[in-house]
Amino acid sequence: MTYAMMINKTGTPDVLSWEKFDPGTPGPGDVRVTHEAIGLNFIDVYHRTGMYPLPFLPAVLGLEGAGVVDLVGKDVTEFVKGDRVGYAGVPVGAYSEIRCIPAHRLIKLPDAISTRSAASMMLQGMTASYLLTSCFKVKPENTILIHAASGGVGSIMCQWANHIGATTIGTVGSKEKAEIAKKNGCKHTVLYQDEDFAEAVQKITKGQGVDVVYDSVGQATFMQSLDCLRPRGVMVSFGQSSGHVEPINISLLGTKGSLFLTRPSVMQYTAERADLVTHAKNLFDVVTSGVVKINIMQEYALRDAAQAHKDLEARKTMGSTVLLP
């Protein structure tokens, strides 16, 4: 008998329950995977609370995992039983010991990448890839601002941007997190709870502002982030851990310097198979070459996912977190 963490309704972490689960057999074009590790991401919280409504309930949460193929459905030619694979993206269902998933969402893992590492980095790492290479192509001459610089995505982005040669400013919530960000290549750190980060950024850049802001925090940082940008700078709002961003009058972008605003999603940037493969390869290349080190800072048993959610929402976690079946 296999198990999964189910939600029968949206709400607090306590709606997560450890229940018997039948993963079924793979249909045409599908593969069944036995998980060895599962990634924890803030989007899981959005699904649990209903901020991002799921298409149906009850449901198994989770968009990221890694393991071994144990069954292959009809018409699947790219994978065979025993392949080590990882994935990130829809459909949900990662919080399970075993699951079926469309084969076109899977990526074969290089020998140098463990399943535990893959589960901790696929979603966050491919997010970092599209943010730095596609959403805004960061170059050595750029100065960038990354909010939550010691978090899962932030930690990867700081290392990657440092390798590119860009100057990175990162906001963090504590001195401990500031040290982590600095070790990851963040040249300047700002403790947003102790100082006005917009003023700090303007001081650091000598009034020039940054080329791009990467903001996964949302409501608490959005408006001030606009004040960090240079004229014609780019505001990338890719999350809202502090809550939804309130509607704005787009003329504000003009008065603050003809700014550009985008609200991207890793799901859209990896929707096509070719894009998924490209961003996965980008990620594997920087990890296997040592440019980016994946730091698994927390591990929880899958059945303890509710506690993992509580710690994530309380900002007690740093780096990447995995759930172990």
Selection count where residues are part of a strand (DSSP E or B) and either over 22 Å from residue 265 (Cβ atoms) or in contact with a Ser or Thr (Cβ under 7 Å, 6 or more places away or on another chain) (or both), scope region 87-98: 2
Any hit, region 9-32, residues being closer than 21 Å to residue 296 by Cβ, outside the structural domain of residue 153 (by TED's automatic domain parsing), out of contact with any helix residue (DSSP H, G or I) (no Cβ under 7 Å at 6 or more places or on another chain) and in a strand (DSSP E or B): no
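Condition check ((1) in the same structural domain as residue 181 (by TED's automatic domain parsing); (2) of a type outside the set (Asp, Glu); (3) within 30 Å of residue 233 (Cβ to Cβ)) across all residues:
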| site | (1), (2), (3) |
| --- | --- |
| 92 | no, yes, no |
| 127 | no, yes, yes |
| 133 | no, yes, yes |
| 144 | yes, yes, yes |
Verdict on residue 38 being more than 22 Å from residue 298 (Cβ to Cβ), hydrophobic (A, V, I, L, M, F, W, C) and in contact with a strand residue (DSSP E or B) (Cβ under 6 Å, 6 or more places away or on another chain): no
Pairs, first closer than 16 Å to residue 231 by Cβ in region 141-152, second in a loop (DSSP other than H, G, I, E, B) and among the polar types (S, T, N, Q), C-beta under 8 Å, six or more apart: 143/205; 143/208
One residue from 10, 25 being polar (S, T, N, Q) and in contact with a Gly (Cβ under 7 Å, 6 or more places away or on another chain): 10
Residue within region 155-162 that is surrounded by fewer than 24 Cβ atoms within 10 Å (Cβ to Cβ), farther than 24 Å from residue 240 by Cβ, more than 18 Å from the chain's Cα centre (by Cα) and of a type outside the set (Phe, Trp, Tyr) present: yes
Contacts under 6 angstrom Cβ, first residue in region 218-237 being among the acidic types (Asp, Glu), partner at pLDDT 95 or above, 6 or more apart: 227/198
The lone exception for residue 307 - which of (1) more than 30 Å from residue 78 (Cβ to Cβ); (2) loosely packed, with under 13 Cβ neighbours inside 10 Å it fails: (2)
Identity of the residue in region 1-33, more than 21 Å from residue 76 (Cβ to Cβ) and among the small types (Gly, Ala, Ser), that ends up surrounded by the most Cβ atoms within 10 Å (Cβ to Cβ): 4
Lone qualifier among 258, 237, 320, 251 - being within 15 Å of the chain's Cα centre (by Cα) and outside the structural domain of residue 88 (by TED's automatic domain parsing): 237
Positions within region 153-179 being free of Cβ contacts under 8 Å to residues at least 40 places away in the same chain, within 22 Å of residue 279 (Cα to Cα), touching a Ser or Thr at 6+ places or on another chain (Cβ under 8 Å) and not polar (S, T, N, Q), in sequence order: 158, 161, 166
Test result for residue 207, closer than 26 Å to residue 48 by Cβ, free of Cβ contacts under 8 Å to residues at least 40 places away in the same chain and part of a loop (DSSP other than H, G, I, E, B): no
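The values are calculated or read from the model by the stated rules, or taken from the named source; none is laboratory data. Note that the structure is a prediction, hence the values are computed from the model and not measured. Cβ: placed from backbone, ideal geometry, glycine included. Neighbour counts: every protein chain shown.
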